[in-house]
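For reference, the structure discussed in these notes is given below.
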Amino acid sequence: MSQFCLKVGSQSQRRSPQRLVSFILLGSLCFGMTSCRNSEPPEPEEVIEVSNENQLIVANAVLEQSDIDGQLLWKLQTDEAIYSQDRKVATVTGIIGNLYEAGEIILSLQADAGQIINDGERVILETGIIVTDNRTGAVIETDLAEWQPENNLLIIEAELAGKYPNGQFTATKAQYFIDRFELELKEEVDALTVEPALRIQSEEIIWQFEEEIVTAKEGLDLQQYTEEKVTTRLQAKEAEVKIADQEVTVSEDILFNSLEPEVQFASEEAAWDIEEGIIVGKESVQITHKDEKVQFRGSEGQFNLNEQKVQLTGAVRGVGTEPPATLQAARVDWDLDTQQVVAQGNIVYEQTDPRLTLTGDRAVGQLNNSKLVISGTATKPVVTKVRP
């Protein structure tokens, strides 16, 4: 069967000589530029259907673009394309598209309907949209999107649901920067990962699929699951979650809650090693045991969830409420299971019943029930002050 070509002068002026764009009618008609230069003029009665509004209707059309070396960059197939009078917009049904790299399909998409604008500069996709990244295994489904093949960009303007080998995600809007494996999810973002078992919620995140890194700049709520039960919860204004490495770095307004037992870790800068079960705070750390009603604060500190142990350094101050008492030290080691406290350096212990103050070099005991032994050294002996 012969292949025909219809050239449009305005289209030829718009395209760079380094580009090759062709519109092929399977078995009937071809629209394009460079690839059609050696073709004979079409026989209109065989290949063109024109409506009363001078619209061109093309069945089983293919639109593709290659680089200067003839390497295919992207390709679009449609069941039917209805062109506007100026041939700049085609309303299409049954869209199947592929994005290529070194001859391999790296991205595939399909949609029930849409529009092709300016020979594929923009492709509007509508209803039944499925996008598959063959490099990462990520699949995204939505009902409204815009594909810009030349910019390696997919803009999603409707609610979406996606999955990849290590989890799934939903959001209201998104942008996928295809060449750098970067998915920007916006509004009501909710994601689940399998390993480690996490739930990530935010209003905006950037997900780098190749490195498996999630970044949030406008708030993040992260929950860790153990046997389908939430065991820890982390909130912060900014966060970077390295999923494969099981590492989380957070800053500003950090609240980390262990639910069994109920222990809260607060700081302005922290790093959490999920696999080791250790969170380290580097700025103004506060740790609260809610059941025992004991709280310690220090310049720096760490909480080992697996061992239920806390270490704090730098102007440490602890508060117990039953009975009311305070403990100051340079360093505190706190066993959450036994409530045993070992405090060292510049000890100041105060209680209200009876009212007294003790100073020394070391304190061992429990602050939750004010049972502490204060000891000193030759240069810093224990001093007791009883207040009326």
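Tabulated data for the structure shown
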item: Any hit, region 294-303, residues being among the polar types (S, T, N, Q) and surrounded by fewer than 17 Cβ atoms within 10 Å (Cβ to Cβ); result: yes
item: Top-ranked residue of region 199-213 - restricted to ones that are of a type outside the set (S, T, N, Q), over 14 Å from Phe177 (Cα atoms) and assigned to a strand (DSSP E or B), ranked as least open to solvent (accessible area, probe 1.4 Å); result: Ile200
item: Check on Thr384, open to solvent by 50 Å² or more (accessible area, probe 1.4 Å), in a loop (DSSP other than H, G, I, E, B) and not acidic (Asp, Glu); result: no
item: Qualifying positions in region 359-381 - among the aliphatic types (A, V, I, L, M), in a strand (DSSP E or B) and closer than 19 Å to Glu322 by Cβ; result: Ala363, Leu372
item: Any chance Gly360 is over 25 Å from Glu238 (Cα atoms), touching a Pro at 6+ places or on another chain (Cβ under 9 Å), without any contact (Cβ under 8 Å) to a residue 24 or more places away in the chain and open to solvent by less than 40 Å² (accessible area, probe 1.4 Å); result: yes
item: Where Ile57 falls short, out of the listed (1) in a strand (DSSP E or B); (2) open to solvent by 10 Å² or more (accessible area, probe 1.4 Å); (3) in contact with a Lys or Arg (Cβ under 8 Å, 6 or more places away or on another chain); (4) farther than 22 Å from Glu182 by Cα; result: (3)
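Residues checked against (1) under 28 Å from His289 (Cα atoms); (2) surrounded by fewer than 17 Cβ atoms within 10 Å (Cβ to Cβ); (3) of a type in the set (Asp, Glu):
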{"residue": "Ala197", "(1), (2), (3)": "yes, no, no"}
{"residue": "Val230", "(1), (2), (3)": "yes, yes, no"}
{"residue": "Ala239", "(1), (2), (3)": "yes, no, no"}
{"residue": "Asp253", "(1), (2), (3)": "yes, yes, yes"}
{"residue": "Ser258", "(1), (2), (3)": "yes, no, no"}
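The values are calculated or read from the model by the stated rules, or taken from the named source; none is laboratory data. Source: prediction; values computed, not measured. We place every Cβ from the backbone using ideal geometry, glycine too, and count neighbours over all the protein chains shown. Surface areas here come from the heavy atoms of the whole protein model, side chains and all, with no ligands, DNA or RNA. Shrake-Rupley method; radii C 1.70, N 1.55, O 1.52, S 1.80 Å.
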